[in-house]
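Worksheet for the structure shown next.
Only the coordinates and a few stated rules stand behind these numbers; no lab work does. The structure displayed is predicted, hence computed values, not measured ones. Here the Cβ positions follow ideal geometry from the backbone for every residue, glycine too, while neighbour counts run over all protein chains shown.
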Amino acid sequence: MAYDDLPLGTPDTAPSPPPDRPASSASRWVIAAAAVIVVGGGLYFWWLTRMPAQPASPAPTTATDVAVGSRRPSPQPLELPALNTSDTFVRELIAGLSRHPQLARWLATKQLVSAAVLTVEQIGDGKTPAAPLKVLRPDMRLMIMGADTGRIDPASYVRWESNVAALTSVRPSEAAQVYVNLKPLFDEAYVALGHADGNFDTSLVRAVRMLKETPEPNEEPVLMRRPAYFEHTDAALRSLRPVQKQFLLIGGERRGRVRAWLAAFADALELKIG
């Protein structure tokens with residue numbers, strides 16, 4: 001049986017089927033998840049040149065952990081489609097913004113907004129969102145420098161570069177404006193997951209905190225082979241939440257880039273991450 005990353009968490013509320021491979025490369029979801037949150041980054045400027053003459057006003061939204069009179073962008077007048085028919089709308093907007101292959105792969109899937117909301121919710125719960133983002137799995141499997149125990153082969157880190165590059169190519173401030181404009185759709189999908197308050201900001205805060213609070217090891221983790229997956233040899237790392245210990249597998253340099261981007265995105269929305 002082939003080996004791969006740490007075992008995937010099973011989402012309690014996920015409506016999507018489990019991933020095709022029982023031991024898929026889980027830490028890719030950490031990067032892909034962040035990319036989905038902001039996949040429309042920069043869309044604001046594209047959209048301003050295509051505003052309808054008399055657009056409908058968006059539904060009012062409430063921002064969690066945002067001070068009154070803050071720097072958080074105000075929603076622009078934009079007529080949004082219904083959530084269950086929003087895929088074409090989202091695809092057209094993003095296709096006109098970016099040609100990144102990772103984004104194109106994700107855009108080929110269905111229920112884009114709902115998948116993004118589920119992804120963020122699972123990360124906030126400490127799980128790995130394998131099902132909603134399975135199309136973004138890299139082709140290359142994880143390798144270690146040893147037969148049964150060892151550090152990650154440096155060549156394996158290349159697997160994460162396309163997802164990290166897709167995320168960091170977007171300006172956080174532009175992504176924040178797009179998020180505010182599309183927030184009614186995110187809120188509706190969030191309610192569908194059982195959250196009566198309907199404020200997706202809450203889920204964003206939890207997800208960013210989960211990754212931010214992942215401890216940074218003094219040296220690259222050592223992994224050991226298990227049937228169909230890898231596990232950390234360090235007991236302290238094994239005790240972390242699944243998405244956190246898998247976040248460690250993308251490499252320190254890429255973790256730094258992801259954390260910096262998420263911090264800037266949260267700051268643009270004035271979300272209190274802590």
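Cross-link pairs exceeding 18 Å in C-alpha to C-alpha distance, out of Lys127/Lys245; Lys245/Lys272; Lys183/Lys212, comprise Lys245/Lys272; Lys183/Lys212.
Within a straight-line Cα-Cα reach of under 16 Å, Lys110 can be paired with the following lysines, leaving aside sequence neighbours fewer than 8 residues apart in one chain: Lys134.
Distance between the pseudo-spin-label points of Glu161 and Glu253 (7 Å out from Cα toward the beta carbon): 0.9 nm.
Peptides 200-210, 185-195 ranked from most to least packed give 200-210, 185-195, packing being the mean of other C-beta atoms within 10 angstrom over each peptide's residues. A Stokes-Einstein calculation at 37 °C with viscosity 0.692 mPa s, built on the Kirkwood radius of segment 140-274 over Cα pairs, returns a diffusion coefficient of 195 µm²/s. Distance between the modelled labels on Ser169 and Asp197, one decimal in nanometres: 3.5 nm (7 Å Cα→Cβ projection). If you take all other residues with their beta carbon under 12 Å from the beta carbon of Ala260, and give Lys and Arg +1 and Asp and Glu -1, the sum is +3.
What number results when the radius of gyration of segment 70-222, computed over Cα atoms, is divided by 2.2 N^0.38 Å? Compactness ratio reported: 1.19.
Using R0 = 41 Å, the C-beta based FRET efficiency linking Ser74 and Val135 works out to 0.75.
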